Protein chains: 4
Amino acid sequence: MAANTWGELFRVTTFGESHGAALGAVIDGCPPGVELSEADIQPFLDRRKPGQNRFTTARREADAVRILSGVFEGKTTGAPIGLLIENTDQRSKDYSEIKDKFRPGHADYTYAHKYGHRDYRGGGRSSARETAMRVAAGAIAQKYLAEQFSMVFHAGVVQIGPHATSPEHNDFDWLRVADDPLFCPDAQMSLAAQDYLKQLLKEGDSVGARVRLEVTGVPVGLGEPVFDRLDADLAKALMSINAVKAVSIGDGFAVAAQRGSEHRDALTPDGFTSNHAGGVLGGISSGQPLIAEVAFKPTSSITIAGDTIDKYGQPCSIVTRGRHDPCVGIRGVPVVEAMAALVVMDHLLRHRAQNGQVKHNFPVL
Amino acid sequence: MAANTWGELFRVTTFGESHGAALGAVIDGCPPGVELSEADIQPFLDRRKPGQNRFTTARREADAVRILSGVFEGKTTGAPIGLLIENTDQRSKDYSEIKDKFRPGHADYTYAHKYGHRDYRGGGRSSARETAMRVAAGAIAQKYLAEQFSMVFHAGVVQIGPHATSPEHNDFDWLRVADDPLFCPDAQMSLAAQDYLKQLLKEGDSVGARVRLEVTGVPVGLGEPVFDRLDADLAKALMSINAVKAVSIGDGFAVAAQRGSEHRDALTPDGFTSNHAGGVLGGISSGQPLIAEVAFKPTSSITIAGDTIDKYGQPCSIVTRGRHDPCVGIRGVPVVEAMAALVVMDHLLRHRAQNGQVKHNFPVL
Amino acid sequence: MAANTWGELFRVTTFGESHGAALGAVIDGCPPGVELSEADIQPFLDRRKPGQNRFTTARREADAVRILSGVFEGKTTGAPIGLLIENTDQRSKDYSEIKDKFRPGHADYTYAHKYGHRDYRGGGRSSARETAMRVAAGAIAQKYLAEQFSMVFHAGVVQIGPHATSPEHNDFDWLRVADDPLFCPDAQMSLAAQDYLKQLLKEGDSVGARVRLEVTGVPVGLGEPVFDRLDADLAKALMSINAVKAVSIGDGFAVAAQRGSEHRDALTPDGFTSNHAGGVLGGISSGQPLIAEVAFKPTSSITIAGDTIDKYGQPCSIVTRGRHDPCVGIRGVPVVEAMAALVVMDHLLRHRAQNGQVKHNFPVL
Amino acid sequence: MAANTWGELFRVTTFGESHGAALGAVIDGCPPGVELSEADIQPFLDRRKPGQNRFTTARREADAVRILSGVFEGKTTGAPIGLLIENTDQRSKDYSEIKDKFRPGHADYTYAHKYGHRDYRGGGRSSARETAMRVAAGAIAQKYLAEQFSMVFHAGVVQIGPHATSPEHNDFDWLRVADDPLFCPDAQMSLAAQDYLKQLLKEGDSVGARVRLEVTGVPVGLGEPVFDRLDADLAKALMSINAVKAVSIGDGFAVAAQRGSEHRDALTPDGFTSNHAGGVLGGISSGQPLIAEVAFKPTSSITIAGDTIDKYGQPCSIVTRGRHDPCVGIRGVPVVEAMAALVVMDHLLRHRAQNGQVKHNFPVL
């Protein structure tokens, strides 16, 4: 792993700024012989791309991906796969208002002090636009895992402000996420949250969100204790997404109030009887569904004025006009899926290296 | 990084099983010239070691650490530092009762299926005993960071079952943690939780816990976007601790209900006016205190019988007698500090490599 | 490091096949604030590019590099630098003659058996064309090292078949390399070798070469024992160049016949009195010039028929017509420089992480 | 990889100084289920250990290795394997003569300037004593590769000063190496070289050596282009051994004078007809024997006085009395084998991760 590379064996290196010439990625370590074309990746990018509806940023990007290498005669060759998306809507605009000010809640301040300079064009590398390449790379992993293990990645928004749902709700249905404008698995919650977001848009404010992930078909045995546990790498992967502030596995923070007799999942000859653990025991997948949740903070790019300082240290006020999402968690959904797929794919290859092939179903030694 | 190695530049590799001959660690990449002896490390190990009081496991280990290399004439040389703790209380006992059974909630099942064999001696590598070496390595990082940056690492138990506290409470005081049997910063909560734990011990049950971390003195600029963000690496480090099921930074899951106008921390010439972000913006430290919380699950080693299967797939019942903590979160406190120190130390060196020295205080460009 | 990534801290990831859409690289970890534009990189690529004279392949590529990210307002930002070269002369041709045959001396056979497939279009990823991106990345390192340390990278062909030279020769002059068609530092050797190559071209054969490297200005202290020694990483870097079969440091294989009293370089208050060691002691740079030599094998792509087998295991004969260099070592010269620059740059950052700034000149403690 | 860690998937981390308390290693990533005990490792250490005969250092070390973890009931568990050798002959002596002087040809000078301090006790980490742990770790790899692939590692001294041999010599026999005091495969050369060494010992001088390596049974397909080629990693592994100054693969530097029609190895249905390539094509093993040679410099620790400076920069003279080998290349033989085994083992696991199982014999697609 490294700053802009995810993974030890299925390695994804990304580059590109929100207002630069292009975004790109290199995927190194992909198994050879996987059928792959741009058409396999584009639908995943289309789900994430801006300008889909009134609840996401008005920026319009085709986000058309090109495969530059690593595929020959329709199949991966084992060589690194180069991906490229040219930026087309780098709206030239007047940055003079924000150029010298640190936007509160943004990475302006920390990037400026870390690197000693500032890319004031809408976030540069710290923009959520960077996640497009995570989704493109994740699409390749998801394709492989679906084909080889029938693995299914579900993610959806389960909370926006005061509106929430959970799998226990009658209306909860993973299959409706794809068609919901908020990527929400619960129709009732979605309608209520849409009203709430419309009001926020009027007020020029934003709101946070909680996203739930469930992955089925994960074989038993993935994870490399003691540090590279499957849940630890998943926590890092999800926390590395812009705006994420918390990650839980299985019952998450609720375990602080649980008793051992309540938490431990009993085993029977037919499998586990519950999944408080969220599919991971001792850092290794148990074969149960992998369950995680993450919290996205509300974007700080709002039209309500805020207090800040400029680069000379002087106090000032700032309004962020740009084209921004009122709830960045929504477009975070495909990114959550993508990062989970990259984690599982990497661990699959790592397991294979040391231990040989994984087993597909509930095994007894 | 690798399975049993933490860090890219300040690299800690650990080995050893709970009932094996010894635990050990190699620290590679430590700056030369740091004054170091066993006496600098032992107090950290003593805080974590078992047998301290009735609320922690009755196993008795001296946990006496030896420095085998990397120190000459009282200072680190830049060569790898070898650390060793001989296990002294590997009680020889009769494992026949649990040898063939998978303990529910434990890593038995997943280790067995991953590696194709089973070390039934009390958890082997998956035992919390492994964390002793994290604490030893973390002690070296904490010493360096304290000396060079006056950095202070605070951690304490802020929830056990129904009993909780927070920094807003009048009684909350980091300085009392060291002397509290539960490593709790709040005297009132501690007393209530001690009563609760006594009752649990009678019932043969266990309970989860929530631990809070605050680090002051972290310089601005640490973190390597887009993947190796400071918060992402901290999330991985904390989630890699045995029994941890959730990690939050700053306001954590509460951000899902917050508005942008509420969440963003205003900047003034005198610093930030709040710290909802928990000291990280865009994956890079802001110079504010680094704040995180983690949830420890209740240990599954309890004397209440549970359903499980044996290695032939047959259903059976199990009781875990061993010597176990009723609330593993308590002894997790020094481990949380240690992992945070390893993360910050590693990022300090990484920052230095690309960008030169860090700045110590609130800077204006 | 990883298959297609060079470096631990100055990380270069490359992709692209000789007959694919494009070649690309991502440089991650470059210090911020370095002035950089395409004009800084292009001259290095122009030296390596094909079609320069009759002694290099007739393929014509503009090799025009684009910087896609990581540079803002003329300076590096600390974000990953994306580089791209579109392939323009992917001559569409009839591969039917070689498609099913393994070319002797080529990577066809091993790639086919490793990855289970074959990219028969002129070598795919195993083509020397891949080295263009090494040169582009190396150009950035060379610029930084020249600006910060006045470091100078010299490389030149010192042997082609029976014609050789050495720094002891009167005519030996690093400054003439840039203008010599064989990148040879010795005018006499160059003329003799040119005649030799003309004869080889007539015969349809090829020849090997030896290239010498000298780097001045390397500060004392670079190298990370015991495995990542400066000379060990240099050996790997140079051996990773297509066609290289041997690497030596300082006196190289001659040391097997030397005595200790002869080999050891004496120190005086004014510096070392000789440089048998080649600028490295114990895997760490001594401040003396870094000296290495490499041997390039003769390309196997010749018009003299050779025996081989096809993919069905049947014996057959093959003639490689393509557009190939009679002596690949010539165009290897800028690649040798580039790889040396990547090694030194990476070690500079690694040293800085653990030990702080390097010293510039002959120091006494 | 990292300073004191070799390998990406079969990772060996070593620590310990020549005159410290102990030497140690951690092997992380070893496949589970390998039968292993100290008795499997000790014979390899015994070959390398000092004090075997008059041609190696008089220091006496039992070099008794202990396995501290990672093995349970006689088999590896997949957990990290901790190895330890206590130093027993750290002769306490008077260092006052050399304490402040830089020994010419040694790493004193560079270590002092890199780390800002000096461990004057006989080399500290830069001593050849460090290689004991390479041999111990290599023994585990050699055992696995022998059992799984019938792989055989041969290495021997083929040149000492003016005395040399090669596989073409009638007397050349790998099987005699184990019993030869110089680890030489040629009886005639060995006798001549023994006389030569006796004379050197009288003169208080030392001499270099050349060591040849041949590995049979390497499956086709190992190596990770474009940077982590099998030959590139082998070059690094061998160059990282103390005193090695050159590495060649196959015909090595001789290729600079070869023609393509002569160098390329023809393929037939029965295999290759020659092995100029040394078993590697395009950085990937061809299934032929892997062939390499390395040159060891003469040790600079001799009793002939040499010119140097002290740490104050003043000129002085030095005589190195200690207990040193007149020809360090001899004891380098098992280290060469060990490093080759670590390289092949690591690449085997890396291949398996991306491509699945390797093939055992000459295959046709």
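The values are calculated or read from the model by the stated rules, or taken from the named source; none is laboratory data. Values in this document were obtained by computation on a predicted structure and should not be read as measured data. Don't worry about glycine lacking a Cβ; one is built from the backbone with ideal geometry, like all the others, and counts go over all protein chains shown.
Can you confirm whether C:ILE249 is closer than 18 Å to D:ILE249 by Cα, in contact with a strand residue (DSSP E or B) (Cβ under 9 Å, 6 or more places away or on another chain), in contact (Cβ under 8 Å) with a residue 12 or more places away in the chain and more than 8 Å from chain D (Cβ to nearest Cβ)? For C:ILE249, the condition - closer than 18 Å to D:ILE249 by Cα, in contact with a strand residue (DSSP E or B) (Cβ under 9 Å, 6 or more places away or on another chain), in contact (Cβ under 8 Å) with a residue 12 or more places away in the chain and more than 8 Å from chain D (Cβ to nearest Cβ) - is not met. Filtered by the rule that a residue be charged (D, E, K, R), more than 14 Å from A:GLU17 (Cα to Cα) and at pLDDT 70 or above, the range A:83-103 gives A:GLU97, A:LYS99, A:ASP100, A:LYS101, A:ARG103.
If you take the residues of the range C:23-43 that are surrounded by fewer than 19 Cβ atoms within 10 Å (Cβ to Cβ) and not acidic (Asp, Glu), which of them is farthest from B:PRO225 (Cα to Cα)?
Residues of the range C:23-43 that are surrounded by fewer than 19 Cβ atoms within 10 Å (Cβ to Cβ), as a first pass: C:33, C:35, C:37-40, C:42-43.
Of the ones still in play, those that are also not acidic (Asp, Glu) are C:33, C:37, C:39, C:42-43.
On the way: C:GLY33: 17, C:SER37: 23, C:ALA39: 28, C:GLN42: 29, C:PRO43: 31 Å.
Top of the filtered list is C:PRO43.
Screening A:ASP265 against (1) in a loop (DSSP other than H, G, I, E, B); (2) touching a residue at least 24 places away in the same chain (Cβ under 8 Å); (3) touching a Leu at 6+ places or on another chain (Cβ under 9 Å); (4) within 8 Å of another protein chain (Cβ to nearest Cβ) leaves a single unmet condition, (2).
Being at pLDDT 95 or above and crowded, with 21+ Cβ neighbours inside 10 Å is the filter here; which residues of the range D:46-66 pass it? Quick ask: steps written out before the conclusion?
Start the filter on the range D:46-66 by keeping residues that are at pLDDT 95 or above, which leaves D:65-66.
The one that is at pLDDT 95 or above and crowded, with 21+ Cβ neighbours inside 10 Å: D:VAL65.
Among the residues of the range B:98-108, count how many are part of a loop (DSSP other than H, G, I, E, B) and at the interface with chain A (Cβ under 9 Å from one of its Cβ atoms).
Looking only at the range B:98-108, we keep the residues that are part of a loop (DSSP other than H, G, I, E, B), and these are B:98-100, B:102-107.
Of the ones still in play, those that are also at the interface with chain A (Cβ under 9 Å from one of its Cβ atoms) are B:102-107.
Number satisfying all stated conditions: 6.
Would you please name the residue that is farthest from B:PHE253 (Cα to Cα), looking only at residues in the range A:168-190 that are touching a residue at least 40 places away in the same chain (Cβ under 8 Å) and more than 14 Å from every other protein chain (Cβ to nearest Cβ)?
We begin by selecting, within the range A:168-190, every residue touching a residue at least 40 places away in the same chain (Cβ under 8 Å); these are A:174, A:177-178, A:181-183.
Keeping just the survivors that are more than 14 Å from every other protein chain (Cβ to nearest Cβ) gives A:174, A:177-178, A:181, A:183.
Numbers: A:TRP174: 22, A:VAL177: 22, A:ALA178: 24, A:PRO181: 23, A:PHE183: 19 Å.
Here the residue is A:ALA178.
In summary, D:SER240 fulfils each of the numbered conditions (1) among the small types (Gly, Ala, Ser); (2) free of Cβ contacts under 8 Å to residues at least 24 places away in the same chain; (3) crowded, with 24+ Cβ neighbours inside 10 Å with the single exception of condition (2). Among the residues here, B:LEU213 qualifies as crowded, with 19+ Cβ neighbours inside 10 Å, among the aliphatic types (A, V, I, L, M) and at negative phi. Restricting attention to the range B:109-128, the residues being crowded, with 24+ Cβ neighbours inside 10 Å and within 12 Å of the chain's Cα centre (by Cα) number 0.
Here is a check on your reading of the model: is A:GLY20 at pLDDT below 95, in contact with a Lys or Arg (Cβ under 7 Å, 6 or more places away or on another chain) and either buried (at least 24 other Cβ atoms within 10 Å of the Cβ) or not aromatic (Phe, Trp, Tyr) (or both)? It would help to see each step written out before you state the result.
Values: at pLDDT below 95: yes; in contact with a Lys or Arg (Cβ under 7 Å, 6 or more places away or on another chain): no; either buried (at least 24 other Cβ atoms within 10 Å of the Cβ) or not aromatic (Phe, Trp, Tyr) (or both): yes.
Here the answer is no, as A:GLY20 does not meet what is asked.
I need the full set of residues from the range A:11-28 which are among the hydroxyl-bearing types (Ser, Thr, Tyr) and either within 14 Å of A:VAL135 (Cα to Cα) or within 7 Å of chain C (Cβ to nearest Cβ) (or both), in order please.
Initially, the range A:11-28 is screened for residues among the hydroxyl-bearing types (Ser, Thr, Tyr), giving A:13-14, A:18.
Within the range A:11-28, A:THR13, A:THR14 meet the criteria.
Among the conditions (1) facing chain D (nearest Cβ under 7 Å); (2) part of a loop (DSSP other than H, G, I, E, B), C:ASN275 misses just one, which is (1).
All told, B:GLN148 meets the bar of being free of Cβ contacts under 8 Å to residues at least 24 places away in the same chain, surrounded by 15 or more Cβ atoms within 10 Å (Cβ to Cβ), polar (S, T, N, Q) and over 25 Å from B:SER274 (Cβ atoms). Of the residues in the range A:285-300, not one is more than 23 Å from A:ASN242 (Cα to Cα) and of a type in the set (A, V, I, L, M, F, W, C). Number of residues in the range D:268-279 that are crowded, with 21+ Cβ neighbours inside 10 Å and at positive phi equals 2. Please indicate, with yes or no, whether at least one residue in the range A:192-205 is under 30 Å from A:ASN275 (Cα atoms) and out of contact with any Leu (no Cβ under 7 Å at 6 or more places or on another chain). So far as the range A:192-205 goes, yes, one or more of its residues are under 30 Å from A:ASN275 (Cα atoms) and out of contact with any Leu (no Cβ under 7 Å at 6 or more places or on another chain).
With the requirement that a residue be assigned to a helix (DSSP H, G or I) and within 8 Å of chain D (Cβ to nearest Cβ), what does the range C:109-130 give you? Before the answer, list the steps.
Residues of the range C:109-130 assigned to a helix (DSSP H, G or I): C:109-115, C:124-126, C:128-130.
Selection gives C:TYR109, C:THR110, C:TYR111, C:ALA112, C:HIS113, C:LYS114, C:TYR115, C:ARG125, C:SER126, C:GLU130.
If I ask for residues that are within 22 Å of the chain's Cα centre (by Cα), buried (at least 24 other Cβ atoms within 10 Å of the Cβ), part of a loop (DSSP other than H, G, I, E, B) and modelled with pLDDT of 95 or more, which ones from the range B:280-313 would you list? Scanning the range B:280-313 gives B:GLY283, B:LYS297, B:PRO298. Residues that are without any contact (Cβ under 8 Å) to a residue 24 or more places away in the chain and farther than 18 Å from C:TYR115 by Cβ within the range D:199-234 comprise D:GLN199, D:LYS202, listed in sequence order. Number of residues in the range B:103-127 that are of a type outside the set (A, V, I, L, M) and in contact (Cβ under 8 Å) with a residue 12 or more places away in the chain equals 16.
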